[in-house]
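Just below is one structure, and these are the notes that go with it.
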Amino acid sequence: MTEGEKIALVDQQRLLENVSATYRRASTQDDWMRRLAVRAVDPWLRKTQSAIEVGCSDGLMTELLSKKLRHLAVVEATESFAKLVQERQLPNVDIFNLMAETYRPKSPVDCVFLTWVLTHIVDPQLLLCEIKSWLVPGGFIYVVVPNMRVLSRQLALHMGLIEDLYGLTENDCNHGHVRAYDRQRLNAELQLAGFETFSQGGLMLKPLADFQMDQLYEQRILDESHIEGLYRLGLEYPDFASAIFSIAGVKQS
């Protein structure tokens, strides 16, 4: 890693620490998305597996994953989020408060989780290529990214609230996002790093902004039957879903 890359990582870690306080708390929509993310990858998980989770937010997804794995190492850039995971006192989880690009596991793992992370990474190719050395032969990565073609964002475009589907909004920048993805861009990113996708889909078809979805939950206009339907629609129409997921392994030459 060059000196310039090291400086960029320090700057990005400082930014992520600062913006971690701006993330919404007690969001029903956020919590459902993380539950659905675990549900989508569940068929590939085994209780005998060890894994690495890059980025943990408040640790809800960490806790859900830990129940399905033998061991989980969490690599979290921000001290505030790392502390939230520590407070959950998960017996089979180790926490490392550092940038993923500088992490070196003691031994290879079966799977690596990169959920809502790549949009924050200064050089995704640097991290993705490093992650290949983290995996056992036949291991896989599970990547989830916000979808810039989500129906709610397309609605905002046609309402004149945004000018460009792929342009980073002020809110994106305030949350430390440095890039944007749709399904094709995620495919290209993984392929360039030497990964081959064997399962892909969308997580929840979402017609409205997250804060509006939260209001509908609070008013009990949306219930679990709606969530189930929106989850299935996300799988059927991934390009309109809130997030895109990909399960991929190292491409064999």
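Key figures for this structure:
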read-out: For peptides 55-66, 97-108, sequence by mean Cβ density within 10 Å, most packed first; value: 55-66, 97-108
read-out: Two-decimal ratio, the chain, of alpha-carbon radius of gyration to 2.2 N^0.38 Å; value: 0.97
read-out: Pairwise FRET efficiency - Lys68 versus Ser133, Cβ, R0 = 25 Å, nearest 0.05; value: 0.55
read-out: Chain lengthening between Thr102 and Thr28 when straightened (0.36 nm per residue, less Cα-Cα); value: 23.3 nm
read-out: Accessible-area composition of the chain, carbon plus sulfur, in percent [1.4 Å probe]; value: 52 percent
read-out: Other-chain or far-sequence residues with amide H under 5 Å of Val109's (modelled H); value: Leu135, Val136
read-out: Relative contact order for the chain, counting Cα pairs under 8 Å that sit 6 or more residues apart, in percent; value: 20 percent
read-out: Relative contact order, percent, the stretch 149-210 [alpha-carbon distance under 8 Å, six or more residues apart]; value: 49 percent
read-out: Length released on extending from Cys173 to His158, taking residue separation times 0.36 nm less the Cα-Cα span; value: 3.2 nm
read-out: Accessible area expressed per residue, the chain, with surrounding protein chains retained (probe 1.4 Å, Å²); value: 49 Å²
read-out: Partners for Lys83 among aspartates and glutamates (Cα-Cα distance below 13 Å; same-chain residues under 8 apart left out); value: Glu17, Asp58, Asp94
read-out: The stretch 117-148 versus the stretch 64-81: alpha-carbon centroid distance in Å; value: 16 Å
read-out: Stretch gain in nm, segment Gln252-Gln215, where the contour uses 0.36 nm per residue and the Cα spacing is subtracted; value: 8.6 nm
read-out: Relative contact order for the stretch 126-184, counting Cα pairs under 8 Å that sit 6 or more residues apart, in percent; value: 35 percent
read-out: Neighbourhood net charge (13 Å Cβ-Cβ; Lys/Arg +1, Asp/Glu -1) for Asp239; value: +3
read-out: Cross-link pairs beyond the 23 Å C-alpha cut-off, checked among Lys68/Lys251; Lys132/Lys206; Lys106/Lys132; value: Lys68/Lys251; Lys132/Lys206
read-out: Computed [θ] at 222 nm, deg cm²/dmol, the chain (DSSP H ≥ 4; -39,500 (n - 2.57); rounded to nearest 500); value: -11500 deg cm²/dmol
read-out: Spin-label pair Lys83/Tyr237, simplified geometry with 7 Å Cα→Cβ offset, distance in nm; value: 4.3 nm
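The values are calculated or read from the model by the stated rules, or taken from the named source; none is laboratory data. Model, not experiment: these values are computed from the prediction. Cβ atoms come from the backbone with ideal geometry, glycine included; neighbour counts cover every protein chain shown. Quick note on the areas: whole protein, heavy atoms, side chains included, nothing else; ligands and nucleic acids left out. Shrake-Rupley method; radii C 1.70, N 1.55, O 1.52, S 1.80 Å.
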